[in-house]
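**Q** I'd like to ask you about the structure that follows.
The values are calculated or read from the model by the stated rules, or taken from the named source; none is laboratory data. Note that this is a predicted model, so its numbers are computed, not measured. Neighbour counts run over all protein chains shown; Cβ positions are idealised from the backbone, glycine included.
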Amino acid sequence: MKSYKGDHSIHLVGQAWQIRIMLKQWQQQWGSETKIMDIISKSSKNIYENRSKN
């Protein structure tokens, strides 16, 4: 399975069972009430913070 994270999107490429497993892992990591848009914005924020430190 492959995943691509952009500034405003996430693309998961794989079979349905692989994507379900990935989403369940995210749910465990981020909490069951977290929306995917929240994960994208947090990931983007971390990327920009790391770039500004260098």
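**Q** For the range 26-48, which positions are loosely packed, with under 12 Cβ neighbours inside 10 Å and at pLDDT 75 or above?
**A** Hits for the range 26-48 are 28, 29, 31, 32, 33, 35, 37.
**Q** I need every pair where a residue in the range 25-43 that is closer than 19 Å to residue 6 by Cα has its Cβ under 6 Å from the Cβ of a residue that is assigned to a helix (DSSP H, G or I) and at pLDDT below 80, sequence separation at least 6 or different chains.
**A** Qualifying pairs under 6 Å: 30/39.
**Q** Right, something else. Which condition number in (1) among the basic types (Lys, Arg); (2) surrounded by fewer than 12 Cβ atoms within 10 Å (Cβ to Cβ); (3) at pLDDT below 80 is the one that residue 5 fails?
**A** (2)
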